[in-house]
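First up is the structure itself, then whatever we jot down about it.
The values are calculated or read from the model by the stated rules, or taken from the named source; none is laboratory data. The structure presented is a predicted model; accordingly, all values stated were derived computationally and were not measured. Please note: Cβ atoms are built from the backbone with ideal geometry, for glycine as well, and neighbour counts cover all protein chains shown.
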Amino acid sequence: MTRAEAKVSSWESDARTDLALLVKTVGYEFRKRIQFRTGFFVREVLNGMVQPLVMLFVFAAIYRSASASGDAADATLGSWQYSEIVRYVAGLLIVMKLVFNARGLDLSAEIFEGRITKYLTMPFRYFVLIQGRFVQFTIMQVVVATLVWCLAYALMGDRWLVPVSWLATGQALTLVLLGSYCCFLLTVILNTLAFWLDVVWSLLVMAWFVISFVGGAIMPVSQMPVWASSAFSWLFPYWMISAPIEILMGRLGTDAFLRGLAIVTVQLVLLDALRRFTWRRGLAHYVGAGM
Amino acid sequence: MNAGGETDAYVLEAHGVGKSFTTFERQPGFLGVLKNFVARKSVVVDALSGIDLTVRRGETVGLIGANGAGKTTLVKILTGIVPATTGAARLFGRDSFHLRNQEKARLALVMGQKSQLWWDLPPIDSFKLLKEIYSIETVDFDRRVAEYTKMLDVEDRLKIQLRQLSLGQRMKMEIIGAFLHDPDVVFLDEPTIGLDLVSREVIRQFLVRLAEERGVTFMLTSHDLEDIEETCKRIVVLDGGRMAFDGDLAALSAQVMGKRAIEVHVDPHTPIDESALSRDIAAFGAVVAGRSVAAVTVVVDAARLPELVPALFQLLQVRDLSVERQPLELLVREIYRRSDREGSSIAGSRPEGASV
Ligand SMILES: Nc1ncnc2c1ncn2[C@@H]1O[C@H](COP(=O)(O)OP(=O)(O)OP(=O)(O)O)[C@@H](O)[C@H]1O
Ligand SMILES: [Mg+2]
């Protein structure tokens, strides 16, 4: 066997181990999540329901006061009719379920308390275990989001957000999941700052707020002032939250999807490079405390 | 088998390895916090310096030293958990801090203070994860789990959550987990801490057997010298981050093998005249090896014991007397004393590269 062949075969066996391990981890994470039924219900199903309800209430008040007749349905704000806003919020409820959030990862604690030590001497990439959590989260949330959508559709029919086409659904889902992976990478990067800092949680909370705002979880990005909406459209959060909902509603089409795909892919690659960099630098800083 | 730059001779090497930790002094109180905020005072701790060590395949090395001597730090550097500040550490001929999966697959680490297994899982599930991580063949896996749990007497504990096991049972599971992938080099950092005598003995026998049957190289740290005596052929003594001794345990104990340490307790109110005592017992080839207020330790050839003991009763106001088989403790104390006095290491008392 030549050196190059040996390299390829070792890469292959590494990749196989990674994959087998990923599957195992996903199973393990599932078991951990489903163990407590009430916890599961609160965390996975109810989570993300409150904010949209509050938003509906606020939007109704704003549209009512902006409308000449006093009926919210008659008002239009920044190209958004009231009925559209209602469907946007409905879309938000579904999309936000799919977006990876920091709670799913306690990497910073693992670093801080030295719990990652044991993985450092094992022959696999630790990142695979973390990825396992992302995959588990995503599979579970796609199922939960589908169920919630079906239930809401059964109750509300066409007043609920109904995607314009299967193509739009596929495009939106692609963007949401890619964006969600970016979100995951960003969370990992902020968590690895635990090699240097002990304020990671506050950073995560701040980052999450910025992502929600920039992405359009507070209001549609296209309803914001032009300077803001054109600036935010260069960032992945917009393509993860606001844009997919507009695609589902038929307000954006395939050309927008392609632009989003390009932007998100580039940022995903950059974030992944940054993640590798911080991880490597962090390890050089690691002292393996508590051993 | 020998990948990359692994030299045939050494699986493990340290050349002038040093490690310093920078910590920031935290002053107490509110003012202290403010002061820290304005001007942090950093303190550099030299945990290790100038460690030279080479270990051949199949060697069993006992690493001893007082608390804070740097044992754990050395293990962390050799296993690549932390980088060395100075010098070079190598495992299987490769820089320890940049091990590839192929080297890691041949390495195992057991930490007495920290679990390598998954806390929420029963050991058998952790083992299955390890099987995946190390790509262990199913037949080997099944055989080893059966064999090792039997040897360590924990067959009936495999399905109980790790957190619910007793300390000793957990430690045994940790050790089994470490040996499942048939590693070439195993580091054990205080694997017997807090265990009862029976468990210790079982673990020692396990280690000895694996070293013999599979030629496993291991490095063991322990504060219990009996652990080291029974399992290791070579000892390395660290003192204040420096190497105080490195050599054959056999050669070392040959000096003391046939010797006995007699600890004599006397009435604290009648002081011992040490020089007189030394003179008197010299006739039996005995020496005073240590003393405290109310006790004195005398070392003598086992053969002369029957003559010396009655003599001691005449020479001293004996209240109590005990005989130790193997005064390795004394020897180690002597090593510390010498390294303190010389202020530098007496490593190199072992000929370079001499194998056991
Ligand atoms: N992360 C760290 N930051 C600062 N100092 C450290 C750190 N880790 C170890 N040290 C210091 O380095 C020295 C050696 O520590 P180490 O843990 O290697 O000792 P040890 O020989 O294993 O002791 P013990 O027998 O108590 O386990 C100690 O003085 C310790 O305080
Ligand atoms: Mg230690």
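Some observations on this one:
- Hey, A:V221 surrounded by fewer than 20 Cβ atoms within 10 Å (Cβ to Cβ), closer than 27 Å to A:F57 by Cα and not hydroxyl-bearing (S, T, Y) or not: no
- Any hit, segment B:84-96, residues being more than 15 Å from ligand 1 (Cβ to nearest atom), part of a helix (DSSP H, G or I) and crowded, with 19+ Cβ neighbours inside 10 Å: yes
- Answer residue from segment B:103-112, given it is touching an Asp or Glu at 6+ places or on another chain (Cβ under 7 Å) and part of a loop (DSSP other than H, G, I, E, B) and is nearest to ligand 2 (Cβ to nearest atom) among those: B:G112
- In the set (1) of a type in the set (S, T, Y); (2) more than 16 Å from ligand 1 (Cβ to nearest atom); (3) within 14 Å of chain A (Cβ to nearest Cβ), B:T221 fails one condition alone, (2).
- Criterion (within 14 Å of chain A (Cβ to nearest Cβ), within 14 Å of ligand 1 (Cβ to nearest atom), outside any strand (DSSP E or B) and under 26 Å from A:W279 (Cα atoms)) met by exactly one of B:T23, B:T73: B:T73
Conditions (1) of a type in the set (G, A, S); (2) within 16 Å of ligand 1 (Cβ to nearest atom); (3) touching a strand residue (DSSP E or B) at 6+ places or on another chain (Cβ under 8 Å), marked per residue:
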| position | (1), (2), (3) |
| --- | --- |
| A:W234 | no, no, no |
| A:G253 | yes, no, no |
| A:I263 | no, no, no |
| A:V269 | no, no, no |
| A:G282 | yes, yes, no |
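- Of the residues screened, B:V293 is not one that is touching a residue at least 24 places away in the same chain (Cβ under 8 Å), of a type in the set (A, V, I, L, M, F, W, C) and outside the structural domain of B:Q314 (by TED's automatic domain parsing).
- Residue among B:V38, B:V55, B:V33 that is within 18 Å of the chain's Cα centre (by Cα), in the same structural domain as B:A69 (by TED's automatic domain parsing), more than 16 Å from ligand 2 (Cβ to nearest atom) and hydrophobic (A, V, I, L, M, F, W, C): B:V55
- Of the candidates B:E137, B:E132, the single residue that is over 24 Å from the mean Cα position of the chain (by Cα), modelled with pLDDT under 90 and charged (D, E, K, R) is B:E132.
- Flag for B:G112 being within 14 Å of ligand 1 (Cβ to nearest atom), under 26 Å from B:A9 (Cβ atoms) and at pLDDT below 90: no
- Among the conditions (1) within 16 Å of ligand 1 (Cβ to nearest atom); (2) away from chain A (no Cβ under 14 Å), the only one that B:L249 does not satisfy is (1).
- Matching option when the condition is more than 14 Å from chain A (Cβ to nearest Cβ), among the hydrophobic types (A, V, I, L, M, F, W, C) and more than 28 Å from A:V23 (Cα to Cα), among B:V202, B:V185: B:V202
- Search result, residues across segment B:116-151 that are outside any helix (DSSP H, G or I) and either within 23 Å of B:S199 (Cα to Cα) or within 12 Å of chain A (Cβ to nearest Cβ) (or both): B:Q116, B:L117, B:W118, B:W119, B:D120, B:L121, B:P122, B:Y134, B:S135, B:I136
- Matching residues, segment A:114-129, being more than 10 Å from chain B (Cβ to nearest Cβ) and either in contact (Cβ under 8 Å) with a residue 40 or more places away in the chain or crowded, with 20+ Cβ neighbours inside 10 Å (or both): A:F127
- In segment B:34-69, the residues that are among the β-branched types (V, I, T) and either within 15 Å of ligand 1 (Cβ to nearest atom) or within 14 Å of chain A (Cβ to nearest Cβ) (or both): B:V43, B:V44, B:V45, B:I51, B:V61, B:I64
- Selection status of A:R275, in contact (Cβ under 8 Å) with a residue 24 or more places away in the chain, within 14 Å of chain B (Cβ to nearest Cβ) and more than 25 Å from B:Q113 (Cβ to Cβ): no
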